[in-house]
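Colleague: Can you read through this structure? Questions will come right after.
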Amino acid sequence: MSDYILETAGLTKDFLGFTAVKGVNLQVRRGTIHALIGPNGAGKTTVFNLLTKFLKPTRGTITFKGEDVTWVKPADVARRGMVRSFQISAVFPYLSVRENVRVALQRPLGNSFHFWRSESVLDSLNERAEELVYAVGLQDFIHHEASELAYGRKRALEIATTLALDPEMLLLDEPMAGLGTEDIGRIAALIKRVAADRTVLMVEHNLSVVADLSDRITVLARGEILAEGVYAEVSANPAVIEAYVGT
Ligand code: ADP
């Protein structure tokens with residue numbers, strides 16, 4: 001079995017003649033927290049969209065767990081174990097924290113919701129939902145409506161609903177965006193716990209969070225990989241400094 005859970009080869013995306021992602025060979029080692037960083041417009045979101053199949057590549061391949069998934073559907077890639085965290089907008093504001101997680105547990109990956117299941121089936125999901133609520137540290141808010149949660153706690157709920165799908169690999173898109181210092185600490189601790197038994201790939205702008213959490217970092221600039229390594233390596237790389245200063 002390859003050390004790499006995810007690999008791309010020559011991944012390229014053209015938008016009407018503009019190449020947003022150029023020949024990217026990304027390798028994410030199983031069980032690590034891997035950060036994708038780079039200045040605005042570097043192509044990070046496009047890479048995420050290619051990995052999760054929201055976009056089709058112009059060229060190149062994506063291999064997940066040793067299988068070519070370049071052309072599989074978004075739901076298939078999720079079913080195979082690579083899941084992107086849902087945005088806060090996917091949280092139901094007037095359902096409780098526990099019910100939100102329970103609904104996520106009912107979701108057949110990538111398809112429609114199944115609300116018609118019997119009460120007994122729903123009850124059996126409560127236990128698992130409660131475990132997940134505890135896992136993300138929301139136990140004191142379990143019966144609160146999601147709309148009552150502060151922003152950072154909504155992020156934790158968003159992560160809980162993603163974990164409901166039990167992904168082997170979790171893609172986090174700017175998990176710290178809009179959070180204050182205290183929430184950043186809380187979500188960082190949560191990401192570390194989550195990564196104990198799965199792989200995490202995250203796009204994150206907060207470099208101290210990246211330094212704290214990441215085992216490995218890939219720096220993108222103008223659609224290409226500029227540098228790769230541990231934080232000390234990439235942050236000392238003159239080309240990386242130049243790319244950040246130059247924007
Ligand atoms: P990042 O997430 O690193 O800020 P993006 O992946 O969002 O970068 O964007 C990379 C480049 O691709 C940018 O120049 C952006 O304007 C361009 N781009 C992204 N999406 C599209 C699109 N749908 N159509 C045309 N250009 C796009």
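Since every read-out is calculated from the coordinates, none of them should be taken as a lab result. Model, not experiment: these values are computed from the prediction. Here the Cβ is made from the backbone with ideal geometry for all residues, glycine too, and neighbour counts use every protein chain on show.
Colleague: Just to be sure I understand: if I project the alpha-carbon convex hull of segment 114-198 onto a plane and average over all orientations, what area do I get in nm²?
Modeller: Answer in nm², one decimal: 6.3.
Colleague: Next question, about the same structure. Run the helix sum for the chain: -39,500 (n - 2.57) per DSSP H stretch of 4+ residues, divided by residue count, reported at 222 nm to the nearest 500 deg cm²/dmol.
Modeller: Helix-only estimate at 222 nm: -10500 deg cm²/dmol.
Colleague: Taking only the alpha-carbon positions of the chain and ignoring solvent, what does the Debye formula give for the base-10 log of I(q)/I(0) at q = 0.11, 0.12, 0.15 Å⁻¹?
Modeller: Values, matching the q order: -0.60, -0.71, -1.06.
Colleague: What is the spin-label model distance, in nm, from Thr181 to Phe15 if the labels are put 7 Å beyond Cα along the C-beta direction?
Modeller: So the label points at Thr181 and Phe15 sit 3.6 nm apart.
Colleague: With everything on Cα atoms, drop me the angle between helix 97-106 and the longest principal axis of the chain, reported from 0 to 90° to the nearest 10.
Modeller: It works out to around 70 degrees.
Colleague: Here's a follow-up. Between Asp123 and Arg193, what is the spin-label point distance in nm, taking each point 7 Å from the Cα along the Cα→C-beta axis?
Modeller: 2.8 nm
Colleague: Starting from the exponent 0.38 and prefactor 2.2 Å, build the expected Rg for segment 160-247 from its residue count and divide its actual Cα Rg by it.
Modeller: So the Cα radius of gyration is 1.16 times the expected 2.2 N^0.38 Å.
Colleague: Which of Lys22/Lys73; Lys22/Lys65; Lys73/Lys154; Lys44/Lys192 have a Cα-Cα distance over 25 Å?
Modeller: Violating the 25 Å Cα-Cα cut-off are Lys73/Lys154.
Colleague: Sticking with this structure for a sec: Using a Förster distance of 45 Å, how high is the FRET efficiency between Phe92 and Lys65, based on the Cβ-Cβ distance and rounded to 0.05?
Modeller: 0.90
Colleague: Right, next: Multiply the residue gap between Ala236 and Asp215 by 0.36 nm, knock off their C-alpha separation, and tell me the result in nm, one decimal place.
Modeller: Fully extending the segment from Ala236 to Asp215 adds 6.0 nm.
Colleague: Relative to the longest principal Cα axis of the chain, at what angle does helix 151-163 sit, 0 to 90 degrees, rounded to 10?
Modeller: 90 degrees
Colleague: Quick one: helix 181-194 against the long Cα principal axis of the chain, what's the angle to the nearest 10°, folded into 0 to 90?
Modeller: With both axes taken from Cα atoms, the answer is about 90 degrees.
Colleague: Excluding residues on the same chain fewer than 8 positions from Lys53, give the aspartates and glutamates whose Cα lies under 14 Å from its Cα.
Modeller: Asp68, Asp76
Colleague: Can you give me the relative contact order of segment 24-90 as a percent, contacts being Cα pairs under 8 Å and 6 or more apart?
Modeller: Once divided by the residue count of segment 24-90, the mean separation gives 20 percent.
Colleague: So for the pair Tyr151, Glu131, with labels modelled 7 Å out along Cα→Cβ, what separation do we get in nm?
Modeller: 3.3 nm
Colleague: Give me the aspartates and glutamates in straight-line cross-link reach of Lys13: C-alpha distance below 13 Å, same-chain residues under 8 apart excluded.
Modeller: Output for Lys13: Glu224.
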